[in-house]
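Some notes on the structure that comes next.
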Amino acid sequence: MTNTNFTPRVFSGVKPSGGLTLGNYLGAIKRFVGMQGQMETVYCVVDMHAITVWQDPKELSNMTREVAAGYLAAGLDPTRSILFNQSQVSAHAELGWIFNCVARVGWMNRMTQFKDKAGSNAEKQSLGLYAYPALMAADILLYHATHVPVGDDQKQHVELTRDIAAKFNHDFGRDFFPLTEPVIEGPAMRIMNLRDGTKKMSKSGESDMERINMTDDADKIAKKFKKAKTDPEPLPETVDGLKDRPEARNLVDIYAALNDVTPEAVIAEYPGAGWGKFKPALADLAVEKLAPMSAEMSRFMDDPAEIDRILADGAAKARAIADPILRDTYDIVGMLRS
């Protein structure tokens, strides 16, 4: 089976746990916005995934709106893309159950993210945390999505989605679900911690100085970059010179991603530059690119009714695609419906 039988369609989502960071923007949302117009684009705030670990209900609602505000502030146009939160489209959970019955336990046992998150307390984790890759597959295949923009750490989930689609198609003798392709491209796919370049930038880091929050104002953005950890050496003459220099590599990658250039172009612009020159330049660039988005996010967050209206409108558009695919899935499986 090839995906030429399906309408080219992108699906991806962001989980509303904690706040949005620069890593979320450069690694995901910026790319989502850039794919508008290339094919149909369906973007989701995956609030059902968030509750695989405990969430305060009021905070979950607020974070769902914040992620939606981040999408919108970054340039996502709800007239060109579908934007909604997952729990407003019940077909996600329904198809997720069918995929629970298609996926094999051995496949789930190989998923590295559960092992990373559960650690030594796997027996105390929720069943949802263990099984959520099947729901993620349902998120994607519910829209017959042919492409999913992901970082390297999520590629395994798309591979599982392909396995589930292939097994479903084989078991029922139908070329019904596409074999979704991961889209991994562009600089700065993994934005690292500003205090430790070996760790990914995280919403849950101990210090706020480790990350750039998408709600940070211009002064905070500049301060964090100027105080970001570096090493004693200046920038090298070539990108190869960044090897084994994680903090230096991270700042070059961030500059490249913000300016839509390659790391090689950054090094060519600042060969041998000291940090006293490069970090202020990075701070100025980040403020130029990010501060307007921070202000726009604040404007949206001051009008939650407008966010809710956009999400509800998006959910209606999403259901128009998802519900017929779910009905066809039920028919293929043999579910009796009056």
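The values are calculated or read from the model by the stated rules, or taken from the named source; none is laboratory data. Quantities reported herein were computed from a predicted structural model and do not represent experimental measurements. For neighbour counting, all protein chains shown are included, and Cβ atoms are generated from backbone atoms with ideal geometry for every residue, glycine included.
Give just the number: which of (1) touching a strand residue (DSSP E or B) at 6+ places or on another chain (Cβ under 7 Å); (2) closer than 22 Å to Leu135 by Cα; (3) not small (Gly, Ala, Ser) does Val53 not satisfy?
In the conditions (1) touching a strand residue (DSSP E or B) at 6+ places or on another chain (Cβ under 7 Å); (2) closer than 22 Å to Leu135 by Cα; (3) not small (Gly, Ala, Ser), Val53 misses (1) alone.
Take the residues in region 96-143 that are under 12 Å from Thr161 (Cα atoms) and small (Gly, Ala, Ser); name whichever of them is farthest from the chain's Cα centre (by Cα).
Among residues in region 96-143 that are under 12 Å from Thr161 (Cα atoms) and small (Gly, Ala, Ser), the one farthest from the chain's Cα centre (by Cα) is Ala103.
Could you look through region 134-158, keep only residues that are modelled with pLDDT of 95 or more and either touching a Cys at 6+ places or on another chain (Cβ under 6 Å) or assigned to a helix (DSSP H, G or I) (or both), and pick out the one that is farthest from Ile29 (Cα to Cα)?
That would be Ala134.
What residue, among those in region 1-52 that are out of contact with any helix residue (DSSP H, G or I) (no Cβ under 8 Å at 6 or more places or on another chain) and among the basic types (Lys, Arg), is farthest from Ala322 (Cα to Cα)?
Among them, the one singled out is Arg31.
Go through Gly119, Gly96 for me and flag whichever is within 30 Å of Glu306 (Cα to Cα) and in a helix (DSSP H, G or I). Write out each step before concluding.
Numbers: Gly119 fails: within 30 Å of Glu306 (Cα to Cα).
Only one candidate passes the filter, namely Gly96.
Tell me which residues, restricted to region 146-175, are touching a residue at least 60 places away in the same chain (Cβ under 8 Å) and under 16 Å from the mean Cα position of the chain (by Cα).
His147, Val148, Pro149, Val150, Gly151
Quick check on my filter: what residues within region 264-300 are crowded, with 18+ Cβ neighbours inside 10 Å and among the hydrophobic types (A, V, I, L, M, F, W, C)?
Selection gives Val266, Ile267, Trp275, Phe278, Leu282, Ala283, Ala286, Val287, Leu290, Met293, Met297, Phe300.
Would you please list the contacts, defined by Cβ atoms under 7 Å and residues six or more apart or on different chains, that run from a residue in region 68-85 that is within 15 Å of Leu20 (Cβ to Cβ) to a residue that is assigned to a helix (DSSP H, G or I) and of a type in the set (Ser, Thr, Tyr)?
Pairs found: Ala74/Tyr25; Leu83/Tyr71; Asn85/Thr64.
Is region 79-88 home to any residue that is among the aromatic types (Phe, Trp, Tyr), under 12 Å from the mean Cα position of the chain (by Cα) and either more than 21 Å from Ala134 (Cα to Cα) or at pLDDT 95 or above (or both)?
Here is the first cut: in region 79-88, the ones among the aromatic types (Phe, Trp, Tyr) are 84.
Going one step further and asking which of them are under 12 Å from the mean Cα position of the chain (by Cα), we end up with none.
Checked region 79-88: no residue is among the aromatic types (Phe, Trp, Tyr), under 12 Å from the mean Cα position of the chain (by Cα) and either more than 21 Å from Ala134 (Cα to Cα) or at pLDDT 95 or above (or both).
Identify all residues within region 41-75 that are outside any helix (DSSP H, G or I) and either buried (at least 21 other Cβ atoms within 10 Å of the Cβ) or assigned by TED's automatic domain parsing to the domain that holds Asn213 (or both); write none if there are none. Reasoning before the result, please.
Kept after step one, since they are outside any helix (DSSP H, G or I), are these residues of region 41-75: 41-46, 51-56, 74-75.
Of everything in region 41-75, those that are outside any helix (DSSP H, G or I) and either buried (at least 21 other Cβ atoms within 10 Å of the Cβ) or assigned by TED's automatic domain parsing to the domain that holds Asn213 (or both) turn out to be Thr41, Val42, Tyr43, Cys44, Val45, Val46, Ala74.
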